């Protein structure tokens with residue numbers, strides 16, 4: 001089973017790129033972030049024609065998450081508990097072939113310091129509480145998406161330039177570590193512990209050509225999924241396509257298509 005996450009940075013504006021990548025990479029499940037689309041304008045017909053079912057939680061500006069699957073799925077949750085006033089579309093969760101998968105778009109948090117940074121930390125705490133409850137289910141679970149966190153200096157080009165950025169602040173990295181320490185495994189680092197691997201390159205300053213990137217898109221796996229992990233890679237070349245997102249798709253491969261037998 002091949003599972004991917006991709007911050008598409010506008011699902012309608014980048015639809016040709018998304019469809020091209022779906023055809024060439026043929027993932028079984030895809031988590032999308034930053035749809036920038038209200039629910040009623042999500043391109044379901046095109047997604048269906050590409051061979052995928054879809055559930056989505058849209059929003060007009062900047063947010064929005066979706067899960068695409070070649071298999072039928074059951075939606076489990078949209079949004080996180082803990083803040084009844086939070087209307088941002090940043091989390092959706094489904095059951096697919098014995099797998100629970102949560103697709104998330106964690107707040108950027110800039111500028112630091114400020115209310116956006118505080119919102120990021122509060123959202124992180126809500127995610128951590130939910131993640132802990134998922135581990136208690138003793139089921140195969142994946143939490144994937146754009147975490148807007150560079151966990152270590154290995155995950156950023158020239159880390160000294162990012163000390164006061166919300167994606168690299170010590171408080172945010174500590175929150176990510178605390179989440180992982182619940183019992184999750186970072187798939188990329190599990191298979192590539194010492195490699196410089198990036199998933200995002202800014203549109204400015206010729207970042208992609210210089211490989212001046214960041215690793216902010218992550219797969220966190222529950223113990224049952226780690227046992228099945230075969231590969232974890234980034235389709236970096238997609239970032240070089242015309243009119244593409246500033247992120248590249250990240251994907252993992254698990255043994256088998258049915259995960260019910262743990």
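The values are calculated or read from the model by the stated rules, or taken from the named source; none is laboratory data. Small disclaimer: the values here were computed from a predicted structure and weren't measured. Don't worry about glycine lacking a Cβ; one is built from the backbone with ideal geometry, like all the others, and counts go over all protein chains shown.
Tabulated results
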| read-out | value |
| --- | --- |
| Odd one out for residue 151 among (1) within 20 Å of residue 172 (Cα to Cα); (2) out of contact with any strand residue (DSSP E or B) (no Cβ under 8 Å at 6 or more places or on another chain); (3) surrounded by fewer than 23 Cβ atoms within 10 Å (Cβ to Cβ); (4) touching a residue at least 24 places away in the same chain (Cβ under 8 Å) | (2) |
| Positions within region 183-210 being part of a loop (DSSP other than H, G, I, E, B) and under 12 Å from residue 246 (Cα atoms), in sequence order | 198, 199, 202, 203, 204, 206 |
| Inter-residue pairs, beta-carbon under 9 Å, first without any contact (Cβ under 8 Å) to a residue 12 or more places away in the chain and on the phi < 0 side of the Ramachandran plot and in region 10-39, second surrounded by 15 or more Cβ atoms within 10 Å (Cβ to Cβ) and assigned to a loop (DSSP other than H, G, I, E, B), 6+ apart | 24/235 |
| Among (1) out of contact with any helix residue (DSSP H, G or I) (no Cβ under 8 Å at 6 or more places or on another chain); (2) touching a residue at least 40 places away in the same chain (Cβ under 8 Å); (3) outside any helix (DSSP H, G or I) - the single one residue 230 does not satisfy | (2) |
| Flag if residue 54 is surrounded by 14 or more Cβ atoms within 10 Å (Cβ to Cβ), touching a residue at least 60 places away in the same chain (Cβ under 8 Å) and either more than 15 Å from the chain's Cα centre (by Cα) or not in a strand (DSSP E or B) (or both) | no |
| Residues satisfying the stated conditions in region 234-245, i.e. out of contact with any helix residue (DSSP H, G or I) (no Cβ under 7 Å at 6 or more places or on another chain), crowded, with 17+ Cβ neighbours inside 10 Å and more than 15 Å from residue 145 (Cβ to Cβ) | 236 |
| Some residue of region 35-48 being within 15 Å of the chain's Cα centre (by Cα), closer than 23 Å to residue 248 by Cβ and assigned to a strand (DSSP E or B) | no |
| Any hit, region 186-201, residues being in contact (Cβ under 8 Å) with a residue 12 or more places away in the chain, farther than 21 Å from residue 248 by Cβ and over 19 Å from the mean Cα position of the chain (by Cα) | no |
| Set 113, 107: member being part of a loop (DSSP other than H, G, I, E, B) and either in contact (Cβ under 8 Å) with a residue 12 or more places away in the chain or under 20 Å from residue 16 (Cα atoms) (or both) | 107 |
| Candidate set from region 138-155 (those that are part of a loop (DSSP other than H, G, I, E, B) and at pLDDT 95 or above); member that is nearest to residue 5 (Cα to Cα) | 147 |
| Given (1) under 25 Å from residue 200 (Cα atoms); (2) part of a strand (DSSP E or B); (3) in contact (Cβ under 8 Å) with a residue 40 or more places away in the chain, index of the condition residue 100 fails | (1) |
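Every residue, every condition in (1) in contact with a helix residue (DSSP H, G or I) (Cβ under 6 Å, 6 or more places away or on another chain); (2) farther than 27 Å from residue 30 by Cβ, yes or no:
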| residue | (1), (2) |
| --- | --- |
| 163 | no, yes |
| 167 | no, no |
| 175 | yes, no |
| 179 | yes, no |
| 201 | yes, no |
| 208 | yes, no |
| 216 | no, no |
| 219 | yes, no |
| 223 | no, no |
